[in-house]
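Just dropping this structure here.
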Amino acid sequence: MKKLMLSTAIAAFAAGAAYAESHSVVRMGTEGAYPPWNFINDAGEVDGFERELGDELCARAELTCEWVTNEWDSIIPNLVSGNYDTIIAGMSITDERDEVIDFTQAYTPPDPSSYLAMDAGLDVTGAVIAAQAATIQAAYVAEQGWTLVEFPTPEETVNAVRNGEADAVLADKAFLDPFVGQDGLVMLERSEMIGGGVGVGVRESDGELKAALDAAIQSMKDDGSLNALIEKWEVASTW
């Protein structure tokens, strides 16, 4: 086991060195509005699970990384156009997204999406469901043929339930948990298993960067530090 851990660490360093030869800085793109995955702290800096994870991945791959924030609805187009080099923003790996960009291996497993509502007995099949635009949750609600209302930011989806614009919001449980009990908001028993885990998005042309990050993620899985980080921030189930 120690030999395996050492070999994956060496692979991360080697892959990172290969990419770093031609790129001085890797710009890490995130939303900064989806706690505890990513958010802006009181000092005005990117914080959260993915900030800590991204910094560790860069350290293991010996990459110099800078953080960039971008609104969710244009986060993929701005990666493709070169405004930053990665997306590390709670983005689930889907076939549709994979047609436009590439993904590393998942750094968190698929996790249930949950409903937050004002009525614990709500039947979501006949309700108005809020979701953030361009998310797996919005796509799921639309596929069911239910009434969907979309909002640019995750905070707005919760506010829509508070003010009566929607009956429930569907989002990652880790994001919704802190709102339970506020203003009468309750978590429904029903949840949905959608998405294929969360990974780092990269341009399809950046194979060396993908390899560097893949090796770094694997080394964190092998030594248990990724599970420790997931448990610290309570973002998902562990590996």
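The values are calculated or read from the model by the stated rules, or taken from the named source; none is laboratory data. Since the model is a prediction, treat every value here as computed from it, not as a measurement. Backbone-built Cβ (ideal geometry, glycine too); neighbour counts: all protein chains shown. Remember, those area values only see protein heavy atoms, side chains included, never the ligands or the DNA or RNA. Shrake-Rupley method; radii C 1.70, N 1.55, O 1.52, S 1.80 Å.
Might you tell me the accessible area per residue for the stretch 62-196, computed with a 1.4 Å probe and given in Å²?
Details: 5930 Å² over 135 residues.
For the stretch 62-196, the solvent-accessible area averages 44 Å² per residue.
Right, something else. Treating only the Cβ atoms of Lys and Arg (+1) and Asp and Glu (-1) as charged, compute the dipole magnitude of the chain about its Cα centre; round to the nearest 20 debye.
Working: 13 positive and 41 negative charges, 131 e Å.
About 620 debye.
Ok, one more. If you roll a 1.4 Å probe over the stretch 49-152 with all protein chains in place, what percent of the accessible area is carbon or sulfur? Numbers along the way, then the final one.
Values: 1920 of 4250 Å².
Percent of accessible area from carbon and sulfur atoms in the stretch 49-152: 45.
State, to one decimal in nm², a quarter of the convex hull surface area for the C-alpha atoms of the stretch 120-193, i.e. the direction-averaged projected area. Walk me through the numbers on the way to the answer.
Values: hull surface 18.0 nm².
Reported value for the Cα convex hull: 4.5 nm².
So for the stretch 26-116, what percent of the C-alpha to C-alpha distances run longer than 18 Å? Don't jump to the answer; show the numbers that get you there.
Details: 1894 of 4095 pairs.
Roughly 46 percent, rounded to a whole number.
Set the Förster radius R0 to 45 Å, insert the Cβ-Cβ distance between residue 24 and residue 125 as r into 1/(1 + (r/R0)^6), and round the FRET efficiency to 0.05. Walk me through the numbers before you get to the answer.
Numbers: r = 52 Å, r/R0 = 1.16.
It comes out at approximately 0.30.
Using only Cα atoms, what is the ratio of the radius of gyration of the chain to 2.2 N^0.38 Å?
Values: Rg = 18.3 Å, N = 239, 2.2 N^0.38 = 17.6 Å.
Rg over 2.2 N^0.38 Å, computed on Cα atoms: 1.04.
Let me ask you something else. Tell me what the chain gives for mean residue ellipticity at 222 nm when only DSSP H runs of n ≥ 4 count, each as -39,500 (n - 2.57), the sum divided by the residue total, rounded to 500 deg cm²/dmol. The partial results should precede the final answer.
Numbers: 9 runs with 89 residues, N = 239.
When only DSSP H runs of four or more count, the value is -11000 deg cm²/dmol.
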